[in-house]
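Visitor: I'd like to ask some things about the structure below.
The values are calculated or read from the model by the stated rules, or taken from the named source; none is laboratory data. Note that the structure is predicted; figures quoted are calculated from it, not measured. Don't worry about glycine lacking a Cβ; one is built from the backbone with ideal geometry, like all the others, and counts go over all protein chains shown.
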Amino acid sequence: MAEYLLRLFDDRLGAKTALAQPCPALNRVLYVADGMATIKNDAAAATTFSGNSAWCSTRETMISAGSEGAHILRYELTESAAEGQGLLSGDDVSSQLLCQAEVELNPGDDYLIRCDRVDIPPSGIAYTHTHQGPGIRCLLKGGFTVETQGHKTQIDAGEAWFEAGPDPVLAYAPNDRPGNFSRVMILPRNLLGKSSISYVNAEDAAKPKLQRYTVFIDEFITI
């Protein structure tokens, strides 16, 4: 096993703005939270993405914004030595590190990278559960409370958090707001097209679930 770095950046590009230089080649997911972004690498023609859509690549990547700008959540998996790097630059470009965590993975092994969106209505509960791999989440709208390892964390829109996977988590939205978030996880390949969640308490597995999942990316990667 070796330590890798899973991280999330909040990137904002002004109207019709492009990066000063491309993002370097590594395992990366771009989730367009708002606006419109045109994304290009050397393996494919430029593609334009609107809000609530995602793109994945391992190659050097260029990003430019549409006429109303673009708000992008940039998830990356890289070597732990890259800590302190990764901010983007350019005229009318802002870039901020929201969250990063070291994760242990097997070098040379194959994994699955998944980007999805979870929408939980007001008062909705994600009953105590685990996942089969680590991931970073970012709250897009509303509010959220996450309880794990004896700690309770209140999360507001725009904030991000890390979940290791095997640690049991209880999470819920407030009574007056939803808990809608973007998420990227690193999972075993045998979970392609399958849920990664397991409920800690058997009785919770049979309860009605109010959360709704939208999967954007479910792709194999090699590290």
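Visitor: Keeping to the stretch 164-195, report how many residues are touching a strand residue (DSSP E or B) at 6+ places or on another chain (Cβ under 7 Å), farther than 14 Å from Y127 by Cα and in a loop (DSSP other than H, G, I, E, B).
Guide: Residues that pass the stated criteria total 8.
Results for (1) hydroxyl-bearing (S, T, Y); (2) crowded, with 16+ Cβ neighbours inside 10 Å; (3) within 19 Å of I39 (Cα to Cα); (4) in contact with an Asp or Glu (Cβ under 8 Å, 6 or more places away or on another chain), shown as yes or no for each residue.
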| position | (1), (2), (3), (4) |
| --- | --- |
| R74 | no, yes, yes, yes |
| Q96 | no, no, no, yes |
| E104 | no, no, no, yes |
| P121 | no, no, no, no |
| H129 | no, yes, no, yes |
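Visitor: Taking the stated definitions as given, is E76 modelled with pLDDT of 95 or more and not assigned by TED's automatic domain parsing to the domain that holds S195?
Guide: Yes, satisfied.
Visitor: Output the qualifying pairs, or none if there are none: Cβ atoms under 6 angstrom, residues six or more apart or on different chains, first residue in the stretch 33-52 and in contact (Cβ under 8 Å) with a residue 24 or more places away in the chain and closer than 15 Å to D11 by Cα, second residue in a strand (DSSP E or B) and charged (D, E, K, R).
Guide: That search, which allows pairs on different chains as well, returns G35/E68.
Visitor: Here is a further query. Which ones in the stretch 67-90 are part of a loop (DSSP other than H, G, I, E, B), over 18 Å from K16 (Cα atoms) and among the hydroxyl-bearing types (S, T, Y)?
Guide: If the condition is that a residue be part of a loop (DSSP other than H, G, I, E, B), over 18 Å from K16 (Cα atoms) and among the hydroxyl-bearing types (S, T, Y), then no residue fits.
Visitor: Let me ask you something else. Which numbered condition trips up T130, out of (1) out of contact with any Ser or Thr (no Cβ under 7 Å at 6 or more places or on another chain); (2) within 26 Å of Q211 (Cβ to Cβ)?
Guide: (1)
Visitor: Would you be able to tell me the number of residues in the stretch 162-182 that are over 17 Å from D119 (Cβ atoms) and of a type outside the set (D, E)?
Guide: Narrowing the stretch 162-182 to residues over 17 Å from D119 (Cβ atoms): 162-170.
Okay, now just the ones that are also of a type outside the set (D, E), so 162, 164-166, 168-170.
Number satisfying all stated conditions: 7.
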